[in-house]
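A quick write-up on the structure given underneath.
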Amino acid sequence: MSNESLTALKQHFGFDHFLPGQADVVDHLLGGHSTAAVFPTGGGKSLCYQLPALLLPGLTLVVSPLIALMKDQIDALQRRGIASARLDSSLSRDEYRTVMDQVRAGTLRLLYVAPERFNNERFRQALEGIHISLFAVDEAHCISEWGHNFRPDYLKLAGFAQRYNAERILALTATATPRVLDDICAGFGISPQHAVRTGFYRPNLILRATAVRAARRDSALLSVIGQQPPGPTIVYVTLQRTAEQVAQRLATAGLPARAYHAGMKDEERALVQDWFMESPTAVVVATIAFGMGIDKANIRGVCHYNLPKSLENYAQEIGRAGRDYERSLCHTLVCADDLTVLENFIYGDTPDPESVRSLVDDVFAREADFDVNLFEMSTQHDIRPLVLRTLLTRLELEGYLEGGTPFYSAYKFRPLETREQILARFEGERRQFLGDLFNFAREGRVWSQLDPAEAATSLRVDRDRVIRALDWLADKELLEVQAGGVRNRYRRLQPAADAQALAESLHAYNLQREGAEIERLQQVMALFNLDGCRAAALAAHFGEVLEAPCGQCSGCTGDTEVIPARVPAAIPDALWSRLQPVVARVGAALATPRSIARFLCGLSSPQISRGRLAKDPLFGTLAETPFPTVLTWALNQVQSQR
């Protein structure tokens, strides 16, 4: 451990010593080595890149999945006088320009972006030539196809780090099993000797569980909150509407409770987060988006009103309690009926084999170099966007495709000076070019629309020149420019020798992932059915062996109950006759047993959304019936009609 890092730790963060694992990570990074860090939630991962950012000469680029995490950390850094900023969709044009000016000037120490920011053509161009000393990737488990939150965009981050000559990479996560850590190291080129894993178990977190029926859950929640030590509380739920309903019930009972979920406006979520950070007694009822990166040490309770989706999610969510090392209660209300909703979400992601085959046929029928709008392709083949991106990534990994730079196919601009005033600033060929460009644009009442590729062809120039001209005019505040219509470029590297076999392989991959996600749910139920130490079992899942039982979880105290079996809703006898007119009317959207099962279970798909079928009275009729049961029923009904 260097004196320089200890001095910086005290000077900038006010700490006299590092938490476990932090010094090793910082030393590896300052020594020039790419590093992986697996720390429990609350274990101080963020300092592992914030401190080196102050000691390394260039920019530290932090890739983080949530705006809430960026906002919270940047606020704290700026209070310490550390130059940091974020780029996200909430920034105005002027705010974006200010941040990029700081990046180009070298005055910014840390820049936070989402993985999807690399799909922004202007951002990718702006990074060219920037000295990136450290490329930090938070939630790095997302790179692993066997992690609990795989995101295709993460697979490409290592390539971006290499493209921009990042000197070192730091991959961070709180929820990596040994297998996932191996994937992280392989994906980012990290030597195993530079992977730092600290202990997962935190003795101040008391793991409790109560078996309940759905009808008793509200009263059980009030009882749990009443039993925990006084202080801020997070109540996790699965659905947005549940967050609203439970928050209202708690408020009616006299508790300071508010809802938080992705369906709220950005400013509403920000207000709730700020309120929670400032209040000593706040109760937030939230979906899983809340809490990522929340730096609030005195959270006394985390209650799961609904079952967590996986042990990884559970560990991450309870880890937000007790970061001050004081006793905190983590209580789960175990209701087996929750399994149906959680399982159905998983099944809803798996496309029909017919959809996968049509995607394969589409890709290999195109020219060798092609570009697509993923939203349109998703709707065309009735494959959810994330699943579509995953399948295209699989084709890249298997050597069939090579992804290119995404680009905007549609720009719109609004003059901030008159056209004559703008053109008067230029002479000769440049003036002629801009005049022709303005003439080519489709002029509206306020905004003019422009396809850069079409303009470039018409004006016989490179597309890049059109983009550079618009960006320059925007930087000089002569135009307000907005880009949209992202299209993804691909190059086909080889043909499919057997398209049907390839489609079957991709569909089998989908089914394999579906099975893995279902197994995660079964692991959750196994933990809450365990008679022995549940803290030890949870730690073992992440590769840590406790020397002795914790002595305080429900399994250790013997405070266990038999979890009542779920009671799935029956399928009405007359449902098929009611459904047939809908199937006949909408055609392709409900053409297969799986699409029918999705519709009845209330699971949307691109074609269900396009047909506005969620408004049909039968949509979600069997939301409380397990998807496999509904799928088997739909298959039998369709076959009986043949």
If you check VAL360, VAL302, VAL341, VAL356, which single one turns out to be in a helix (DSSP H, G or I), touching a residue at least 40 places away in the same chain (Cβ under 8 Å), within 21 Å of ALA262 (Cβ to Cβ) and aliphatic (A, V, I, L, M)? VAL341
For THR41, state whether it is under 25 Å from GLY199 (Cα atoms), crowded, with 18+ Cβ neighbours inside 10 Å, at pLDDT below 90 and not aliphatic (A, V, I, L, M). yes
Scan GLY129, GLY58, GLY81 and give me the residue that is in contact with a strand residue (DSSP E or B) (Cβ under 7 Å, 6 or more places away or on another chain) and farther than 30 Å from ASN313 by Cα. GLY58
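Is it the case, given these coordinates, that LEU635 is of a type outside the set (S, T, N, Q) and surrounded by 18 or more Cβ atoms within 10 Å (Cβ to Cβ)?
Values: of a type outside the set (S, T, N, Q): yes; surrounded by 18 or more Cβ atoms within 10 Å (Cβ to Cβ): no.
No, not satisfied.
Okay, residues lined up against (1) free of Cβ contacts under 8 Å to residues at least 24 places away in the same chain; (2) assigned to a helix (DSSP H, G or I); (3) aliphatic (A, V, I, L, M):
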| residue | (1), (2), (3) |
| --- | --- |
| PHE370 | no, no, no |
| ILE383 | no, no, yes |
| ARG394 | no, yes, no |
| GLU402 | no, no, no |
| SER409 | no, no, no |
Residues of the range 459-508 that turn out to be aromatic (Phe, Trp, Tyr) and not in a strand (DSSP E or B), as a count: 1
Filter result (within 28 Å of the chain's Cα centre (by Cα), outside any helix (DSSP H, G or I) and modelled with pLDDT of 95 or more) within the range 532-545: none
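Can you tell me which residues in the range 263-272 are under 26 Å from LEU222 (Cβ atoms) and out of contact with any strand residue (DSSP E or B) (no Cβ under 7 Å at 6 or more places or on another chain)?
Selection gives GLY263, MET264, GLU268, LEU271.
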Can you spot a residue in the range 586-598 that is more than 24 Å from VAL387 (Cβ to Cβ) and part of a helix (DSSP H, G or I)? no
Search result, residues across the range 219-237 that are surrounded by fewer than 19 Cβ atoms within 10 Å (Cβ to Cβ) and part of a loop (DSSP other than H, G, I, E, B): PRO229, PRO230
I'm told ALA548 meets every condition in (1) touching a residue at least 40 places away in the same chain (Cβ under 8 Å); (2) outside the structural domain of LEU635 (by TED's automatic domain parsing); (3) in a loop (DSSP other than H, G, I, E, B) except one. Can you identify the failing condition by its number? (1)
Can you work out which of the residues in the range 452-490 that are closer than 24 Å to LEU91 by Cα and touching a Ser or Thr at 6+ places or on another chain (Cβ under 7 Å) is surrounded by the most Cβ atoms within 10 Å (Cβ to Cβ)? ARG487
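The values are calculated or read from the model by the stated rules, or taken from the named source; none is laboratory data. All values derive from a computational prediction rather than experimental measurement. Every residue, glycine as well, gets a Cβ built from its backbone with ideal geometry; the counts of neighbours run over all protein chains shown.
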